[in-house]
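The values are calculated or read from the model by the stated rules, or taken from the named source; none is laboratory data. Everything numeric in this text was worked out from a predicted model, so none of it was measured. As a convention, Cβ positions derive from the backbone with ideal geometry for all residues, glycine included, and neighbour counts pool all protein chains shown. For the accessible areas, the whole protein counts, side chains as well, though only heavy atoms, and no ligand, DNA or RNA atoms are used. Shrake-Rupley method; radii C 1.70, N 1.55, O 1.52, S 1.80 Å.
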Amino acid sequence: MRVARSSFHGDLKFSWDLFRGFRSCRVLTYSIDSATVRRLVTDLGVTEVECVIGTVATIDRVEKVLAVQQAAMQHAAVLVEELSKTDCDVVEALSSGRLAFWVLRDQVSHSKLYLLEGGTAPERRIIMGSANFSEQAFRGWQHETLAMYDDDDAAWEYYSARYREVRDKASQQIDPQLLLGRSQPVEVEETPVLAGDWPSIVLVGDDAPAVEDATDAIRRKAKSLRNQIGPHLPAVRRDTQTLNPDLKTRIRRALRNQPRDATEPAAFSISTDTKTATFAGAPFPLDYDPELAVSDAQLMVEYFAGFEGFAGTPEEVRELQEEYFAFWAWLYFSPFMCDLRTRAAHINRDVIRYERVAVLYGKANCGKTSLIQALLRSMFPQRPQAACMEKSLFKTAELEAITRTAKRCPAFFDDVTAKQMGSTGKDFIKNETPLGLAEYPAVVISMNRHKDGFADEIMKRAFLIYTQTALAVYNDKIREDQDQRIRKVTDRLSGHLYRRYLQMILDNLDEDDQPEDWLLLSSTVLSELLQDPTSGNVPAWAEPQSRTRHAERRYKSLRAKFHHLLRPTAHIDADSPKPEGWWTDTDTGRVIVRERVNQYGQSAFNWEQVPSSIIDADASSSGHTSLVLSELNRFLPSWTHRNATPERTPKTEGPTERPRRRRWRLRRRHAARLPPGEGDRQAPR
């Protein structure tokens, strides 16, 4: 830890012009994106760029070095691929050394340092501080502080030495040939530590600090690598591990013979500035084949037609299709939710309107799981299971790790239990703390009927899809036909429909980067893509939907429960001895609900799911809930409470003989259990 003594001479607002007019830029950072490099090369006229990609991870083992270098190399490969689409001659720049990338070998670098040279006034400039070399950091969405030195010889000598120390002593340059024309992710065998015919020395230590949360992907990868190459690793001698050429060959052979880990979530990244994307470390093309896009649309229309074989009325089936179409619009749009939520928080606007979590719940055999899997196949046909997470990973720590590694790839958890939802899902959905990440994923939760519903704070924050129209599983013929239909559709999906959708959404976001109604935008684009190419007709269930319309539907299950609770036959008088029922207090404008409660004071009806504006908490008590009549009428516009006639309890002149006989029999049985002679003394009483 070093402290540079400086003097303050004022401040100014950040501008990219601070990087303009210099010939070269040397960068020390651990987060860099293509937009910043592209800006340097194509917009600001910098002709030489050298970047040392650091990490927040503590490098304390060989497997950690390999994981860090693989991640950095993959990042650099994506940058080169995106730069090749610009006016920059990437091949010449890499070959001549004007564009170079380095990765750490055995030392942590948390520093962010930018050394600019070859200007006129000033000739040299140093920029350092807390901001990484990315659009997220420099756009001003979070508080960052930078310090700048112009033509300060002492500062230049000091910071140049610090940069060279990290680059020359603790880093290795990436082979330029490994970065050009890649169509596959970078493999561990290609990292600089395992490359070459010379020994590689890695500094290790047992007293290293804990790894920060941002390196969960590296931690997981390092753990996986240790299981694969652990027996081949050398012993630690004087805090170092030396990999000689023969040992590196054995490690590379062991890695090639090991199956790739398919349990890690894939990372899906989109640059809205350059309109480029990557998936699982490889370029994700956004150009599409019009014929294949139309074919995918027709296949999905055919898939939705299969719901017509479900048990239920035509109206119920249509409602199921419309609900699933709304979810389809959410899932396709979900990679952009992180942008909208970040901007909304930045300008102090409502964040919960951009739902990050979708919950599909209801009866079993409603087709929830197969629908999600089909839609994911239409998005990522090259690896459709990339978003499917094990249910055992639905834990707070695992969700945080996935949030930091999956980027924009949605994470799907199937068959989540009510216990998991209560212990983990509730807090995860309610957490509105800004994540400080440029990209993070949406989460899909599928679960069977939640008998108690969801609390009000969940209802307003999650994108809820409630299903109750199910497949008649007792009819084997219908079930087999539906299964064959699903396989026929999903096996032929090409992903070109989603590529076309992404292009249309990116074009719309160019005009309005913060749409008020994202569901209306997404469903409108999707509806247009589902038009029949011959007739121009759109399926009846694929009409555009608004957030307001969908928000009304999310309380469908609760309204049904309310109608049953406040049915006319349960209307009683306020002085009725019945333990259950309801009555209207016209003087206070309240509806009083009387219920049985258990020994803990809990009733059968879950009042937590009811909007708080409906309940008069001050006038409610255990077993007696007071509802605001005016709010209740708004929530239940079709409620027929005015026509309800309370059931009169017949009055009697006095107690009947049956209770007296029952009490007497109890006394007789009690007396029979007493010791001899005791019963005679008790009987007169």
| query | In this structure, is LYS477 outside any loop (DSSP other than H, G, I, E, B) and modelled with pLDDT under 80? | reply | yes
| query | Just for the range 401-416: of the residues that are in contact with a Phe, Trp or Tyr (Cβ under 9 Å, 6 or more places away or on another chain) and open to solvent by 30 Å² or more (accessible area, probe 1.4 Å), which one is modelled with the highest pLDDT? | reply | LYS407
| message | If I filter the range 569-579 for residues that are among the β-branched types (Val, Ile, Thr), over 30 Å from PHE463 (Cβ atoms) and open to solvent by 50 Å² or more (accessible area, probe 1.4 Å), do I get at least one hit? | response | yes
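Within the range 114-223, considering only strands (runs of 3 or more DSSP E) that don't extend past its boundaries, which have at least 1 residues that are at pLDDT 80 or above and not aliphatic (A, V, I, L, M)?
Passing ranges, in order: 124-129, 146-150, 171-173.
Yes/no matrix, rows are residues, columns are (1) part of a helix (DSSP H, G or I); (2) farther than 23 Å from GLN373 by Cα; (3) basic (Lys, Arg):
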{"residue": "ASP483", "(1), (2), (3)": "yes, no, no"}
{"residue": "SER494", "(1), (2), (3)": "no, no, no"}
{"residue": "ARG500", "(1), (2), (3)": "yes, no, yes"}
{"residue": "ILE505", "(1), (2), (3)": "yes, no, no"}
{"residue": "ASP510", "(1), (2), (3)": "yes, yes, no"}
{"residue": "PRO515", "(1), (2), (3)": "no, yes, no"}
{"residue": "SER522", "(1), (2), (3)": "yes, no, no"}
{"residue": "LEU526", "(1), (2), (3)": "yes, no, no"}
{"residue": "PRO533", "(1), (2), (3)": "no, yes, no"}
| request: Taking the residues in the range 549-564 that are small (Gly, Ala, Ser) and under 29 Å from the mean Cα position of the chain (by Cα) as candidates, determine which candidate is least open to solvent (accessible area, probe 1.4 Å). | output: SER557
| How many residues, within the range 263-282, are open to solvent by less than 80 Å² (accessible area, probe 1.4 Å), at pLDDT below 85 and not β-branched (Val, Ile, Thr)? | 6
| request: Run down ALA100, ALA93 and say which single residue is within 35 Å of the chain's Cα centre (by Cα), surrounded by fewer than 21 Cβ atoms within 10 Å (Cβ to Cβ) and modelled with pLDDT of 80 or more. | output: ALA100
| So is TYR332 out of contact with any Gly (no Cβ under 6 Å at 6 or more places or on another chain) and in a helix (DSSP H, G or I) or not? | yes
| Does ARG20 satisfy being modelled with pLDDT of 80 or more, closer than 28 Å to THR145 by Cβ and either charged (D, E, K, R) or within 36 Å of the chain's Cα centre (by Cα) (or both)? | yes
| query | Are any residues in the range 85-96 in contact (Cβ under 8 Å) with a residue 24 or more places away in the chain and in a loop (DSSP other than H, G, I, E, B), and if so, which ones? | reply | LYS85, THR86, ASP87, CYS88
| said: Take the residues in the range 296-313 that are in contact with a Ser or Thr (Cβ under 7 Å, 6 or more places away or on another chain) and in a helix (DSSP H, G or I); name whichever of them is farthest from ARG487 (Cα to Cα). | reply: ASP296
| query | Identify, please: which residue in the range 235-258 is closer than 20 Å to GLN70 by Cβ and without any contact (Cβ under 8 Å) to a residue 40 or more places away in the chain and is, among those, surrounded by the fewest Cβ atoms within 10 Å (Cβ to Cβ)? | reply | ASN257
| request: Output the residues belonging to the range 402-451 that are of a type in the set (Val, Ile, Thr), over 18 Å from LYS391 (Cβ atoms) and touching a Pro at 6+ places or on another chain (Cβ under 8 Å). | output: THR405
| field | Positions within the range 580-608 being surrounded by 12 or more Cβ atoms within 10 Å (Cβ to Cβ), within 18 Å of SER630 (Cβ to Cβ) and of a type in the set (Asp, Glu), in sequence order | value | ASP585
